[in-house]
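Input: a single structure, listed below in structure tokens.
The values are calculated or read from the model by the stated rules, or taken from the named source; none is laboratory data. Note that the structure is predicted; figures quoted are calculated from it, not measured. Positions of Cβ are backbone-derived with ideal geometry, glycine not excepted, and every protein chain shown enters the neighbour counts.
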Amino acid sequence: MSGEALVFWIFAGLTLGSAFVVVLSRTLIYSAFALLVTFFGVAGLYVLLGADFLAATQILVYVGGILVLLLFGVMLTHRIYDLDLRSETTQLGSGLIVAAGLFVVLSAVALKTEWPNLARLPAPTTAPIGRLFLREYLLPFEAASVLLLVALMGAAMIVRRRRTA
Amino acid sequence: MSELTRSLNAFRPELALLVGLLLVVLADTFAGRGRQLATRLITVLSLTAAFGFAIELQAAGTRAPLFSGMLVIDPLGAALKLILVAAGLVTVLAFSFRNSRELAGLGHGELHTLVLALVFSCLLLAAASDVVMLYLALEMVSITSYVMVGYLKGDRLSNEASLKYILFGAASTGSMLYGLSLLYGLAGTTSLRGIQEYLAGGIPDANRFAVYAVTLLVLAGFGFKIAAVPFHFWCPDVYQGAPTPVTALLSVLPKAAGLAIALRFFYGAFSIPERGPWDLVGSIDWSALVMLVSVLTMTLGNVAALTQTNMKRLLAYSSIAHAGFLLMGIVALSENGARGLIVYLAAYLVMNLGAFLVVTLVHLHDGSFDLRDYPGLYRRAPLLTLAMAFFLLSLVGIPPFVGFLAKLYVFSAVIEQGQGVYATIAAVNAAVAAYYYFKILRVMIIDPGNEAKPALELELVDQLRLAALALANLAPLFFWDWIEGWARGALVLYAGR
Amino acid sequence: MIGLQHYLVLSAGLFALGVLGLLTRRNAVNVLMSIELILNSANINLVAFSRYASGNLGGQVFAVFVIVVAAAEVAVALAIVLTLYRLRRTPNLDDASILKG
């Protein structure tokens with residue numbers, strides 16, 4: 001097996017395996033840490049696909065930001081003394097059927113379709129992406145700042161303890 | 001550089017809103033005691049400016065891509081933007097912290113910022129012509145809505161509704177994203193124009209399956225925004241849990257923007273309007289699927305509304321049903337369908353906001369949203385009841401109200417395309433809807449009860465608001481020609497360079 | 001030889017797992033995690049297509065925006081979960097049954 005294949009299978013295994021834990025684990029904190037592994041796995045796959053900027057962003061934002069936030073969420077919504085970190089799962093059977101069905105359908109789409117073939121050989125992406133942000137994708141780049149303002153303000157508004165009116 | 005300047009020139013409505021947004025944030029921070037007045041004033045001014053620019057844009061009739069193909073400007077888009085800005089403006093003018101009990105004690109600056117951000121995002125969504133812009137704008141509309149709904153944070157009902165809204169929404173848009181990623185893979189580009197070229201060029205049979213999958217996944221995202229079946233589950237809870245002015249806003253803005261982008265996506269990418277009447281050659285027949293969704297939506301909405309006693313929930317289901325009617329404009333694969341959609345949206349704006357205003361005012365004075373507390377309103381608040389009669393009759397679709405005009409347009413568009421069965425089902429639905437709208441009227445006017453309660457003293461400004469909205473529902477009587485002309489002029493959908 | 005299809009099937013699996021979590025989990029934070037799985041699966045698609053099928057960086061740019069949106073979404077979602085928890089002492093979804101469908 002080539003080096004590339006080996007690395008792929010390792011990261012793929014990490015990603016999917018930890019995703020299983022995220023979805024099926026009965027302990028919330030295990031799910032959270034499994035999600036950490038999933039994010040790292042995905043970052044590894046990005047590197048393999050030549051997306052260096054994206055891999056770094058994934059780690060910085062997903063692991064360093066979103067996951068930390070989720071961990072806060074986990075810890076703040078459980079009583080500390082009575083460490084009740086269980087998380088329940090309902091209707092596993094029917095859920096599994098739907099999920100399996102989806103997997104089959106989407107894999108069929110993936111395998112049956114004749115995808116175009118324009119490969120892009122791995123090359124540093126940071127500069128080209130930067131250029132794209134300031135040229136073709138300028139508007140979404142700027143509009144995203146409004147999104148972040150709203151999210152920032154909104155999250156703070158919702159969580160802040162209300163001053164008695 | 002010149003493309004950027006040209007784009008910015010056509011971007012004036014949005015820029016007005018952005019400037020307003022920033023000024024509101026500043027005013028909220030620095031204005032001290034004049035804060036409430038300042039934020040409201042700035043919001044109204046910026047929405048009015050945006051409205052003016054939007055009118056200018058429609059008059060100019062340009063058709064061009066903007067910002068390197070991220071957005072598109074065309075007469076249809078300009079008409080939709082007009083409706084979106086009008087919705088924001090009318091809502092801000094009709095509702096205030098004085099006439100809505102539910103808004104008491106909340107931050108002026110924050111709410112107004114959110115309103116401006118919502119309208120801005122909706123404008124972006126309605127004009128998006130690139131998949132990246134589409135996704136970003138859709139999520140901007142969604143996230144702003146999530147925040148607005150979660151606003152009344154001390155209220156458990158509101159919070160739970162908010163949670164369901166965000167989780168359901170994130171799941172739907174996540175699925176849509178997966179579909180968009182597949183579309184990118186197939187077409188090799190994020191631009192809708194490029195995707196249209198790809199689909200028009202003929203898809204190999206092996207890829208048809210993928211395109212079907214994409215259509216279904218993308219419909220998940222659009223369906224959620226429009227509250228179409230089966231993505232409507234969040235709607236009644238959210239409409240009930242949110243403060244009524246927010247509900248009023250959400251019943252029009254995201255729906256209109258969602259329909260606008262659905263129109264642009266399906267018409268602009270999945271069919272070829274330039275090749276004669278909405279040519280689907282090379283693409284797949286998605287209209288049958290949308291028809292199914294439309295029928296399910298209007299039926300479920302109407303049937304569920306029949307048994308509701310909470311006015312907000314009833315109006316929520318009524319909104320769901322109207323989404324079904326609005327979809328008729330999209331199913332009728334034609335220019336008349338697009339025209340029907342715009343007229344229906346404009347009508348829907350004044351009918352729905354009016355109804356929500358009445359509900360808010362009753363709650364302000366009586367403290368109830370329950371229909372069972374509505375008897376006797378005819379005696380206690382004749383102006384209010386008269387206005388409500390206008391709104392309800394318009395919602396039913398009776399002439400001479402604007403709701404009738406709207407239904408006329410969409411029905412004729414559908415019939416013209418030979419979809420008789422569909423039109424019949426829709427007509428039956430309209431009749432069913434009439435039942436509960438008339439029921440409300442009957443309760444208000446004829447039913448006995450509440451004799452002991454004093455008359456509802458409406459403030460002058462509220463009376464004016466009711467009168468203005470009620471008259472707006474009679475627009476066809478006065479402005480028939482103008483409406484015709486406006487709708488006709490808005491028909492051009494820009495689908496390429 | 002690892003090709004496009006490998007990544008696509010992988011992401012299909014991740015998507016399916018995310019949906020599974022969505023359908024079966026009662027805790028809101030868990031549901032949020034499942035949604036993140038879905039978003040990541042779409043991102044893998046985008047990057048894989050960028051590498052093997054489209055020959056341009058559009059997919060990667062799209063993926064960056066998805067990450068931005070995900071961050072904003074999680075922030076707001078957790079704010080709501082936290083407030084709900086404060087009011088009801090449980091982030092479980094089934095208990096949020098006051099509003100019926």
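I'd like to check something: does region A:142-151 contain any residue that is more than 10 Å from chain C (Cβ to nearest Cβ), more than 30 Å from C:GLY13 (Cβ to Cβ), buried (at least 19 other Cβ atoms within 10 Å of the Cβ) and at pLDDT below 95?
yes
Listed here are the residues, each with its yes/no results for (1) on the phi > 0 side of the Ramachandran plot; (2) hydroxyl-bearing (Ser, Thr, Tyr); (3) modelled with pLDDT of 90 or more; (4) surrounded by 24 or more Cβ atoms within 10 Å (Cβ to Cβ).
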{"residue": "B:LEU123", "(1), (2), (3), (4)": "no, no, yes, yes"}
{"residue": "B:MET133", "(1), (2), (3), (4)": "no, no, yes, yes"}
{"residue": "B:GLU139", "(1), (2), (3), (4)": "no, no, yes, yes"}
{"residue": "B:ILE143", "(1), (2), (3), (4)": "no, no, yes, yes"}
{"residue": "B:TYR146", "(1), (2), (3), (4)": "no, yes, yes, yes"}
{"residue": "B:VAL149", "(1), (2), (3), (4)": "no, no, no, yes"}
{"residue": "B:LEU157", "(1), (2), (3), (4)": "no, no, no, no"}
{"residue": "B:LEU163", "(1), (2), (3), (4)": "no, no, no, yes"}
{"residue": "B:GLY169", "(1), (2), (3), (4)": "no, no, yes, yes"}
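Tell me which residues, restricted to region A:7-26, are outside any helix (DSSP H, G or I) and at the interface with chain C (Cβ under 10 Å from one of its Cβ atoms).
Hit for region A:7-26 is A:SER25, nothing else.
Does region B:332-352 hold any residues that are of a type outside the set (Ser, Thr, Tyr) and under 12 Å from B:VAL402 (Cβ atoms), and which are they? Full working, then the answer.
Start the filter on region B:332-352 by keeping residues that are of a type outside the set (Ser, Thr, Tyr), which leaves B:332-333, B:335-343, B:345-347, B:349-352.
Those that are of a type outside the set (Ser, Thr, Tyr) and under 12 Å from B:VAL402 (Cβ atoms): B:VAL343, B:LEU345, B:ALA346, B:ALA347, B:LEU349, B:VAL350, B:MET351, B:ASN352.
In region B:451-497, which residue that is farther than 26 Å from B:LEU383 by Cα and not in a helix (DSSP H, G or I) is modelled with the lowest pLDDT?
B:ARG497
Name the single residue, out of those in region B:186-210 being under 20 Å from A:VAL105 (Cα atoms) and outside any helix (DSSP H, G or I), that is nearest to the other protein chains (Cβ to nearest Cβ).
Residue satisfying both the conditions and the ranking: B:PRO204.
Name every residue in region B:91-115 that is at pLDDT below 85 and part of a helix (DSSP H, G or I), in order of residue number.
Hits for region B:91-115 are B:ARG101, B:GLU102, B:LEU103, B:HIS108, B:GLY109.
Of the residues in region B:294-315, how many are surrounded by 18 or more Cβ atoms within 10 Å (Cβ to Cβ) and among the polar types (S, T, N, Q)?
Counting residues in region B:294-315 that are surrounded by 18 or more Cβ atoms within 10 Å (Cβ to Cβ) and among the polar types (S, T, N, Q) gives 5.
Residue-by-condition table, conditions (1) farther than 17 Å from C:LEU39 by Cα; (2) without any contact (Cβ under 8 Å) to a residue 40 or more places away in the chain:
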| site | (1), (2) |
| --- | --- |
| A:LEU36 | no, yes |
| A:PHE40 | no, yes |
| A:LEU45 | no, yes |
| A:LEU49 | yes, no |
| A:PHE53 | yes, no |
| A:LEU60 | no, yes |
| A:ILE66 | no, yes |
| A:PHE72 | yes, yes |
| A:LEU76 | yes, yes |
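Given the conditions (1) over 16 Å from the mean Cα position of the chain (by Cα); (2) facing chain C (nearest Cβ under 7 Å), report the number of the one that A:LEU35 does not fulfil.
Condition not satisfied by A:LEU35: (1).
Among the residues of region C:1-54, what is the count of those that are more than 7 Å from chain A (Cβ to nearest Cβ) and among the β-branched types (Val, Ile, Thr)?
Of the residues in region C:1-54, 3 are more than 7 Å from chain A (Cβ to nearest Cβ) and among the β-branched types (Val, Ile, Thr).
Run B:ALA262 past the list (1) under 29 Å from B:LEU47 (Cα atoms); (2) out of contact with any Leu (no Cβ under 7 Å at 6 or more places or on another chain); (3) crowded, with 24+ Cβ neighbours inside 10 Å and report the number of the one that doesn't hold.
So B:ALA262 meets the others, but not (3).
Do you know which residues across region C:55-68 are at the interface with chain A (Cβ under 7 Å from one of its Cβ atoms) and in a helix (DSSP H, G or I)?
Once the filter is applied, which keeps residues that are at the interface with chain A (Cβ under 7 Å from one of its Cβ atoms) and in a helix (DSSP H, G or I), region C:55-68 yields C:GLN60, C:VAL61, C:ALA63, C:VAL64, C:PHE65, C:ILE67, C:VAL68.
Spot the failing condition for B:LEU118; the list is (1) more than 10 Å from chain A (Cβ to nearest Cβ); (2) in a helix (DSSP H, G or I), and only one is missed.
The one condition B:LEU118 does not meet is (1).
Can you name every residue in region A:56-89 that is part of a loop (DSSP other than H, G, I, E, B) and either at pLDDT 85 or above or hydrophobic (A, V, I, L, M, F, W, C) (or both)? If you could, list the steps in order and put the result at the bottom.
Pass one, region A:56-89, residues part of a loop (DSSP other than H, G, I, E, B): A:77-85, A:87-88.
Across region A:56-89, the qualifying residues are A:ILE80, A:LEU83, A:LEU85.
May I ask you to list pairs of residues, at least six apart or on different chains, whose Cβ atoms are under 9 Å apart, with the first in region A:117-135 being within 15 Å of C:GLY59 (Cα to Cα) and assigned to a helix (DSSP H, G or I) and the second being at pLDDT 95 or above and among the small types (Gly, Ala, Ser)?
Pairs found: A:THR126/A:ALA56.
Quick check: anything in region B:25-39 surrounded by 17 or more Cβ atoms within 10 Å (Cβ to Cβ), acidic (Asp, Glu) and touching a residue at least 40 places away in the same chain (Cβ under 8 Å)?
Yes, some residue in region B:25-39 is surrounded by 17 or more Cβ atoms within 10 Å (Cβ to Cβ), acidic (Asp, Glu) and touching a residue at least 40 places away in the same chain (Cβ under 8 Å).
Inspect region C:29-50 for any residue being in a loop (DSSP other than H, G, I, E, B) and among the small types (Gly, Ala, Ser) and give the result as yes or no.
no
Can you say whether B:SER394 is outside any helix (DSSP H, G or I) and under 24 Å from B:PRO245 (Cα atoms), as far as the supplied structure shows?
It is false that B:SER394 is outside any helix (DSSP H, G or I) and under 24 Å from B:PRO245 (Cα atoms).
Residues of region A:49-66 being under 17 Å from A:PHE11 (Cα atoms), crowded, with 19+ Cβ neighbours inside 10 Å and aliphatic (A, V, I, L, M), which ones?
A:LEU49, A:ALA51, A:LEU54, A:ALA55
Regarding region B:268-283, can at least one residue be identified that is in a helix (DSSP H, G or I), closer than 21 Å to B:GLY329 by Cα, modelled with pLDDT of 85 or more and of a type outside the set (Asp, Glu)?
Among the residues of region B:268-283, not one is in a helix (DSSP H, G or I), closer than 21 Å to B:GLY329 by Cα, modelled with pLDDT of 85 or more and of a type outside the set (Asp, Glu), which makes the answer no.
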